[in-house]
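Asks: Below: one structure in structure tokens.
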Amino acid sequence: MALIRLILLILLARPIARFMTGADVIGREHLPRRGPAIIAANHNSHVDTLLLLTIFPAHLMHCLRPAAAADYFLRDPFIGWFSKELVGIVPVERVKAGSGADVLAPMREALAKGAIVILFPEGTRGPGTDEMGELKSGIARLAEAFPEAPVIPIWIEGAGRVLPKGAILPVPMNCTVLVGEAVAPAADRRAFLADLRERLLALKAQAPPQRWR
């Protein structure tokens, strides 16, 4: 199954991503070279995951584990199988605050096995305007639990216009993936989240204008 996943990502997903978006990458040298690591990206479209899965070199693709909402991606048996076995998602339950459920357990397990976990700290897709929502504290807790795992900020410019939330057909527009340096550990979670947000907005400010494909 790992070989099938690798073939799918290299021969199908990567060409589709490049055809649809151009998949320009700035700061590729900051991508982690091994796991465990945490990718912290803004989120406006399902195209975000496609882009992030295809910008890594082939020898790291088996390590990539995007965190994804279990209620959405496991709602259908076939979609669930495809998402877990071929996309490689880490299913995350969406629960109400104060429920006591340990929603981070699957991500901690993946990191403990040396995975590169792709996480969208806003928790859900935005409106497609490239505006960033509030960052949830889960990523700060993961960074505390795995200090050896670098947290790499990534800003994805334009994916929300290629395939906005609720859309079915993509629009061929250029997207840019901007990769920043790892976020330094902080004394507390609030400071970490503030630093991460500042890093993401700084990457956004560097994004070139979008253009039609």
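The values are calculated or read from the model by the stated rules, or taken from the named source; none is laboratory data. This structure is a prediction, so every number in the text was calculated from the model and none was measured. Don't worry about glycine lacking a Cβ; one is built from the backbone with ideal geometry, like all the others, and counts go over all protein chains shown. Accessible surface is based on the protein model in full, side chains and every heavy atom, while ligands, DNA and RNA are left aside. Shrake-Rupley method; radii C 1.70, N 1.55, O 1.52, S 1.80 Å.
Asks: Within the stretch 43-138, which GluC sites (Glu not before Pro) sit in a loop by DSSP and count at most 12 neighbouring Cβ atoms inside 10 Å?
Replies: Qualifying residues, ordered by number: 131, 134.
Asks: Let me ask something else. Just to make sure I understand: if all protein chains stay in place, what is the order of 137, 83 by accessible area at 1.4 Å, largest first?
Replies: Values: 137 50, 83 5 Å².
These residues rank, largest area first, as 137, 83.
Asks: Same structure, new question: Taking 0.36 nm per residue of separation and subtracting the Cα-Cα distance, what length does fully extending residue 93 through residue 189 add?
Replies: Numbers: separation 96, 0.36 × 96 = 34.56 nm, distance 2.18 nm.
Length gained, residue 93 through residue 189: 32.4 nm.
Asks: What number, rounded to the nearest 500 deg cm²/dmol, is the helix-based mean residue ellipticity at 222 nm of the chain, given -39500 (n - 2.57) per DSSP H run of at least four residues and division by all its residues?
Replies: When only DSSP H runs of four or more count, the value is -8500 deg cm²/dmol.
Asks: Stretched out fully, how many nm does the piece from residue 211 to residue 11 gain, at 0.36 nm a residue minus the Cα gap?
Replies: Working: separation 200, 0.36 × 200 = 72.00 nm, distance 2.53 nm.
Going from the current span to full extension adds 69.5 nm.
Asks: Looking at the chain as a GNM with Cα springs under 10 Å, which of 177, 151, 103 has the largest mean-square fluctuation?
Replies: Checking each option, the largest mean-square fluctuation is seen for 103.
Asks: Mind listing which trypsin sites (Lys or Arg not before Pro) in the stretch 8-101 are in a DSSP loop and have 14 or fewer other Cβ atoms within 10 Å?
Replies: Qualifying residues, ordered by number: 33, 34, 75, 94, 96.
Asks: In addition: Select from 169, 196, 52 the residue whose mean-square fluctuation is largest in a Gaussian network model of the chain (Cα-Cα springs shorter than 10 Å).
Replies: Highest fluctuation of the listed residues: 169.
Asks: Let me ask something else about it. Tell me which label goes with the value of log10 I(q)/I(0) by the Debye sum over Cα atoms at q = 0.08, 0.09, 0.13 Å⁻¹ computed from the coordinates here: [x] -0.56, -0.63, -0.85; [y] -0.31, -0.39, -0.79; [z] -0.25, -0.32, -0.69.
Replies: [z]
Asks: Mean-square fluctuation check for the chain, GNM, Cα pairs under 10 Å: which of 160, 27, 126 is largest?
Replies: 27
Asks: Starting from the stretch 148-197, pick out the GluC sites (Glu not before Pro) whose DSSP state is loop and whose Cβ has at most 15 other Cβ atoms within 10 Å.
Replies: Here the sparse-neighbourhood loop sites are 148, 181.
Asks: For residue 86 and residue 171, what is the calculated FRET efficiency with R₀ set at 22 Å and r taken between the beta-carbons, to the nearest 0.05?
Replies: Numbers: r = 25 Å, r/R0 = 1.14.
Efficiency computed from Cβ-Cβ geometry: 0.30.
Asks: Leaving ligands and nucleic acids out of the surface, order 26, 10 by accessible area at 1.4 Å, largest first.
Replies: From most exposed to least exposed: 26, 10.
Asks: Mind checking the log10 I(q)/I(0) for the stretch 63-177 at q = 0.12, 0.17, 0.20 Å⁻¹? Debye, one equal scatterer per Cα, no solvent, two decimals.
Replies: Log-scaled intensity ratios, in q order: -0.49, -1.01, -1.33.
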